[in-house]
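Here is the structure we will look at, set down as structure tokens.
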Amino acid sequence: MQPVPALHPHPARSRRPWPRLVARPLLALALVGGGAVAPPSATAATIDGRTAAAVAASPYERGPAPTVTSIEASRGPFAIAQSTVAASAVSGFRGGTVYYPTSTAEGTFGAVAISPGYTASQSSVAWLGPRLASQGFVVITIDTLSVYDQPASRGTQLLAALDYLTGSSAVRTRIDRSRLAVMGHSMGGGGSLSAANTRPALQAAIPLTGWHTVKNWSSVRVPTLVIGAENDSTAPVSSHSEPFYTSLPASLDKAYLELNAAGHSAPTSANVTVAKYSISWLKRFIDDDTRYDQFLCPAPRGSAIEEYRDTCPHS
């Protein structure tokens, strides 16, 4: 475990430390005597089984309180729909598929753009679309301009996809433009690092068995979860995921998860470990939802995890 780092405010929005819980206004306040407010203990309302005073103060929480079962499930609590984005309808990337919650009763959502890897199409990361959207995100899985595009280009295309989502897409009114993230597999994972480096206002980045010729990401200011695979021969963790992680600033919210006995393509099909920690990371940093701290810190362990490192800051 590394030393507890100092937290830095995000350029677009001040970022709270991990697990500090702050009192929300009580749902019911009783007046007593000469207009005095009754103490919290006398009016304890509950939300998801917790007293109002114990509820995290983030206005971006979406969905019920999480459990291990809920983040491991193939679908979350939100009903979703999807729509196809034609290549001819956009610029900067070659179209894709948008997945989104059908209800806006809880407000707007954060958004995530996901890139496939070298020679692959969006079908290789398509399983993540409904998995993440049903947890309360708008998600776009993209096709790249060329299947041979290098990581830096994929990073630019991820940002173009986010700009499309928030600017002209049919779901733009469902999205909070200040709460955006990037993900990608292989060269798409390298692209997510490039995108995070280019746009520090992003809230999260998750490279999945990422590949990039650049190894030093010390200028990244976006909370980053690096996921590698023990038996990856295409992007060996020793020359990709591990140096990516170690080069990120010590002051950054960051984590490194190495999948046990897994290969390079592990994130391209339904994978419970990839899903549960990606969901937790996105919830924590896109939604500022401290209810997900329990899955990230202290460091998770289990037979599916070869190694886990993190900065794990606490207030």
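Any read-out appearing in this document is the output of simple, stated calculations on the displayed coordinates, not a laboratory observation. What you see is a predicted model; the values in this text were computed from it and never measured. Positions of Cβ are generated from backbone atoms using ideal geometry, with glycine treated the same way; all protein chains shown enter the neighbour counts.
Yes/no matrix, rows are residues, columns are (1) without any contact (Cβ under 8 Å) to a residue 60 or more places away in the chain; (2) touching a strand residue (DSSP E or B) at 6+ places or on another chain (Cβ under 7 Å); (3) among the acidic types (Asp, Glu); (4) over 27 Å from Ser178 (Cβ atoms):
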{"position": "Pro223", "(1), (2), (3), (4)": "no, yes, no, no"}
{"position": "Ser233", "(1), (2), (3), (4)": "yes, no, no, yes"}
{"position": "Pro236", "(1), (2), (3), (4)": "yes, no, no, yes"}
{"position": "Ser241", "(1), (2), (3), (4)": "yes, yes, no, yes"}
{"position": "Ala250", "(1), (2), (3), (4)": "no, no, no, no"}
{"position": "Asp253", "(1), (2), (3), (4)": "no, no, yes, no"}
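Restricted to segment 76-166, the set of strands (runs of 3 or more DSSP E) holding at least 1 residues that are aromatic (Phe, Trp, Tyr) and either in contact (Cβ under 8 Å) with a residue 12 or more places away in the chain or at negative phi (or both) comprises 96-101, 109-115, 137-142. Does Asn216 qualify as being touching a helix residue (DSSP H, G or I) at 6+ places or on another chain (Cβ under 7 Å), part of a loop (DSSP other than H, G, I, E, B) and surrounded by fewer than 19 Cβ atoms within 10 Å (Cβ to Cβ)? Spelling it out, Asn216 is indeed touching a helix residue (DSSP H, G or I) at 6+ places or on another chain (Cβ under 7 Å), part of a loop (DSSP other than H, G, I, E, B) and surrounded by fewer than 19 Cβ atoms within 10 Å (Cβ to Cβ). Applying the set (1) without any contact (Cβ under 8 Å) to a residue 12 or more places away in the chain; (2) surrounded by 24 or more Cβ atoms within 10 Å (Cβ to Cβ) to Pro207 leaves exactly one unmet item: (1).
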